[in-house]
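A short worksheet on the structure shown next.
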């Protein structure tokens, strides 16, 4: 059973978002890290970069595949988690404690379009996830 914390929002591309005012903390969720396998590399945008909802913002590579990370919300990158870049395996061991980016959202209402935990669990069930 995939872990789906109730205090986060989720995208259909398996990123999680923790909203605090106009700031969004973004990471890769448990389902995604499970599908990817052992994560070996993260490529993330620098602070000051602009990201657009639904557009690729970085890359996660694993022993199985390379996959884009998509922006669940639009805004300016205010911080990148260098610890995760240096030790990408943290995403496997602690997907919800290992944030990748902090973004100042240009439109905080975009977070409302993301799925809550119950919606996301149903989405996973429909996808054939566990």
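The values are calculated or read from the model by the stated rules, or taken from the named source; none is laboratory data. Just so it is clear, the model here is predicted, and its values are computed rather than measured. As a convention, Cβ positions derive from the backbone with ideal geometry for all residues, glycine included, and neighbour counts pool all protein chains shown.
The set of residues in the range 87-96 being surrounded by fewer than 20 Cβ atoms within 10 Å (Cβ to Cβ), touching a residue at least 24 places away in the same chain (Cβ under 8 Å) and over 10 Å from the mean Cα position of the chain (by Cα) consists of 89, 92. May I ask you to list the residues in the range 31-45 that are in contact with a helix residue (DSSP H, G or I) (Cβ under 9 Å, 6 or more places away or on another chain) and over 14 Å from residue 69 (Cα atoms)? If the condition is that a residue be in contact with a helix residue (DSSP H, G or I) (Cβ under 9 Å, 6 or more places away or on another chain) and over 14 Å from residue 69 (Cα atoms), then 34, 37, 38 are the ones that fit.
Residues in the range 67-82: is at least one within 19 Å of residue 2 (Cβ to Cβ) and free of Cβ contacts under 8 Å to residues at least 40 places away in the same chain? First the steps, then the outcome.
The initial filter retains those residues of the range 67-82 that are within 19 Å of residue 2 (Cβ to Cβ), namely 67, 69-70, 72.
Next, only the ones that are free of Cβ contacts under 8 Å to residues at least 40 places away in the same chain stay: 67.
Yes, some residue in the range 67-82 is within 19 Å of residue 2 (Cβ to Cβ) and free of Cβ contacts under 8 Å to residues at least 40 places away in the same chain.
Just name the residue that is farthest from the chain's Cα centre (by Cα) out of those in the range 1-14 that are crowded, with 20+ Cβ neighbours inside 10 Å and part of a loop (DSSP other than H, G, I, E, B). Outline the logic, then answer.
Start the filter on the range 1-14 by keeping residues that are crowded, with 20+ Cβ neighbours inside 10 Å, which leaves 4, 8-11, 14.
Filter again for part of a loop (DSSP other than H, G, I, E, B), leaving 4, 8, 11, 14.
Details: 4: 13, 8: 10, 11: 8, 14: 6 Å.
That would be 4.
Within the range 90-107, the set of residues being farther than 14 Å from residue 27 by Cβ and touching a strand residue (DSSP E or B) at 6+ places or on another chain (Cβ under 7 Å) comprises 104, 105, 106.
Within the range 97-106, being surrounded by fewer than 18 Cβ atoms within 10 Å (Cβ to Cβ) and under 15 Å from residue 9 (Cα atoms) holds for one residue alone: 97. Is it the case that some residue within the range 41-52 is within 23 Å of residue 128 (Cβ to Cβ), free of Cβ contacts under 8 Å to residues at least 60 places away in the same chain and not in a loop (DSSP other than H, G, I, E, B)? Within the range 41-52, not a single residue is within 23 Å of residue 128 (Cβ to Cβ), free of Cβ contacts under 8 Å to residues at least 60 places away in the same chain and not in a loop (DSSP other than H, G, I, E, B). Within the set 28, 51, 17, 60, the sole residue that is surrounded by 14 or more Cβ atoms within 10 Å (Cβ to Cβ), in contact with a helix residue (DSSP H, G or I) (Cβ under 8 Å, 6 or more places away or on another chain) and either modelled with pLDDT under 95 or over 14 Å from residue 96 (Cβ atoms) (or both) turns out to be 60.
Residue check: is residue 24 in contact (Cβ under 8 Å) with a residue 12 or more places away in the chain and either within 17 Å of residue 111 (Cβ to Cβ) or out of contact with any strand residue (DSSP E or B) (no Cβ under 7 Å at 6 or more places or on another chain) (or both)? Yes; evaluated as a whole, the condition is true for this residue. Within the range 82-100, the residues that satisfy the criterion of being more than 21 Å from residue 63 (Cβ to Cβ) and part of a loop (DSSP other than H, G, I, E, B) are 96, 97, 99.
Checking each residue in the range 63-81 for being exposed (fewer than 14 other Cβ atoms within 10 Å of the Cβ), assigned to a loop (DSSP other than H, G, I, E, B) and in contact with a strand residue (DSSP E or B) (Cβ under 8 Å, 6 or more places away or on another chain) picks out only 63.
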